[in-house]
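Enquirer: Sharing a structure, written as structure tokens. Questions coming.
Bear in mind these aren't lab numbers, they're just calculated from the coordinates by the rules spelled out. As the structure is a computational prediction, the values presented were derived from the model and not from experiment. Ideal geometry is used to build each Cβ from the backbone, glycine not excepted, and the neighbour counts take in all protein chains shown.
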Amino acid sequence: MNLPEKFVILLRSTFYLLGLYFIYGFISSLLHTIFPELDTATYEQGFIMEMLTENPFRALIMIVVVAPVTEEMMFRSLLRPSHTELVLFIAIWPVFFLLRFIPLDVYWGLKLAFAAIFLFCVVYISRQVIPPQRTLRIRNWLISHQIWIWIITSLVFGFVHITNYVDHFTINLALFLLIMPRILAGFMIGWVKINNKKLQWAMALHAINNGIAFFFIYVSL
């Protein structure tokens, strides 16, 4: 598959995802009409809204650049992975957990720079220690079970975003309704990864998705 064909798949996937959001919006409105007690308004993305209000540039970088890159390494790197993509999956998780121990008052740009350097070092070391032959069996297994990997990673991708609305993981119908767009996005981004076979295409659709959301939220403030 050549580059123009991959761009067509990316563009088509973007429109498909917007169509799914439209259907979701219609069903969500219908459910709120049928079940008035279904109160999603009590849940807000407090940290994200605060960041958008206080530092829009930071919000833009985190939402449109950092989140797509890191989350695609964490989830879609398991879909038809190359050796490098599997190494990225292995490397991103230590970085993710390490960042949780950095004090919140550390300047966000410095934290990102540290994370990028640390990630680069982990990836470099991992590539030296783990040759492609070592991951071949795992990669073949993941490819042979790609449908299940696609489903599971899309669902997990959606459910981890519950913490955007609550401090601790919990689930109810209102929260499930709120994270449904992330689950839909997970499926469509995964579809792009499976068809275009490169993680950067999944990152691109994720960035487009987040960029559209960022624009509409920001102009509504």
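Enquirer: Rounded, prolate or oblate: which one fits region 41-129, using the alpha carbon gyration tensor with axes a ≥ b ≥ c (rounded when a/c is under 1.5, else prolate when a/b beats b/c, else oblate)?
Expert: Here region 41-129 falls in the prolate category.
Enquirer: On a C-alpha basis, how far is the centre of region 12-85 from the centre of region 143-221 in Å? Whole number, if you could?
Expert: Cα centroid of region 12-85 versus Cα centroid of region 143-221: 6 Å apart.
Enquirer: On to the next question. For region 19-90, max minus min Cα coordinate along each principal axis, in Å, sorted largest first?
Expert: 49, 34, 21
Enquirer: Roughly speaking, what is the stretch gain from residue 57 to residue 125, that is 0.36 nm per residue apart minus the C-alpha to C-alpha distance, in nm to one decimal?
Expert: Full extension from residue 57 to residue 125 adds 21.2 nm.
Enquirer: Give, in nm to one decimal, the length gained when the segment between residue 112 and residue 163 is fully stretched (0.36 nm per residue of separation minus the Cα-Cα distance).
Expert: 16.3 nm
Enquirer: Taking 7 Å along the Cα-to-C-beta vector as the label spot, tell me the residue 43-residue 12 distance in nanometres, rounded to one decimal.
Expert: For residue 43 paired with residue 12, the spin-label model returns 3.3 nm.
Enquirer: Per DSSP helix of 4 or more residues, -39500 (n - 2.57); summed, then divided by the residues of the chain. What does that give at 222 nm, rounded to the nearest 500?
Expert: -25500 deg cm²/dmol
Enquirer: Quick one: longest stretch of the chain between exposed loop GluC sites (Glu not before Pro), exposed meaning at most 15 other C-beta atoms within 10 Å and loop per DSSP?
Expert: Maximal segment without exposed cleavage sites: 45-221.
Enquirer: If you don't mind, another one. What is the sum of charges, Lys and Arg at +1 and Asp and Glu at -1, for the other residues whose Cβ falls under 15 Å from the Cβ of residue 89?
Expert: Overall, the nearby charge balance is +4.
Enquirer: Oh, and also: Per 0.36 nm of contour for each residue apart, how much would the distance between residue 173 and residue 195 grow if the chain were fully extended, relative to their Cα-Cα spacing?
Expert: Computed gain between residue 173 and residue 195 is 4.7 nm.
Enquirer: Apply the Karplus parameterisation 6.51 cos²θ - 1.76 cosθ + 1.60, with θ equal to phi minus 60°, to every residue of region 159-174 and state each ³J(HN,Hα) to the nearest whole Hz, in sequence, with x for glycine and proline.
Expert: 5, 5, 7, 4, 5, 5, 10, 9, 6, 10, 4, 8, 9, 8, 5, 5
Enquirer: Another one. Classify region 101-199 as rounded, prolate or oblate from the Cα gyration tensor: take a ≥ b ≥ c as the square roots of its eigenvalues, call it rounded if a/c is under 1.5, otherwise prolate when a/b beats b/c and oblate if not.
Expert: oblate
Enquirer: Can you return the lysines within cross-link range of residue 6? Criterion is Cα-Cα under 28 Å, with same-chain partners fewer than 8 residues away left out.
Expert: Output for residue 6: 193, 197, 198.
Enquirer: Next question, about the same structure. Using only Cα atoms, tell me the angle between helix 199-219 and the longest principal axis of the chain; keep it within 0 to 90° and round to the nearest 10.
Expert: Approximately 30 degrees, to the nearest ten.
Enquirer: Please report the net charge: other residues with Cβ closer than 14 Å to the Cβ of residue 172, K and R +1, D and E -1.
Expert: -2
Enquirer: Let me ask something else about it. Label residue 219 and residue 156 with points 7 Å out from Cα along Cα→Cβ: what is the distance between them in nm?
Expert: Those two pseudo-labels are separated by 3.6 nm.
Enquirer: Could I ask something else about it? Which value, in debye to the nearest 20, gives the size of the charge dipole of the chain about its Cα centre, when Lys and Arg are +1 and Asp and Glu are -1 at the Cβ?
Expert: Around 1180 debye, computed over the chain.
Enquirer: Determine Rg/Rh for region 114-169; Rg is computed over alpha-carbon atoms and Rh is the Kirkwood hydrodynamic estimate from the same atoms.
Expert: Ratio value, two decimals: 1.14.
Enquirer: Hey, in the GNM for the chain with a 10 angstrom Cα cutoff, which one of 205, 88, 173 fluctuates hardest?
Expert: Sorting by GNM fluctuation, first place goes to 173.
Enquirer: How big is D for the chain, in µm² s⁻¹ as a whole number, if Stokes-Einstein is applied with the Kirkwood radius of its Cα pairs at 4 °C and 1.567 mPa s?
Expert: Translational diffusion coefficient: 69 µm²/s.
Enquirer: Would you look at the GNM of the chain, springs on alpha carbons closer than 10 Å, and say which of 159, 26, 118 moves the most?
Expert: In this elastic network of the chain, the residue with the biggest mean-square fluctuation among 159, 26, 118 is 26.
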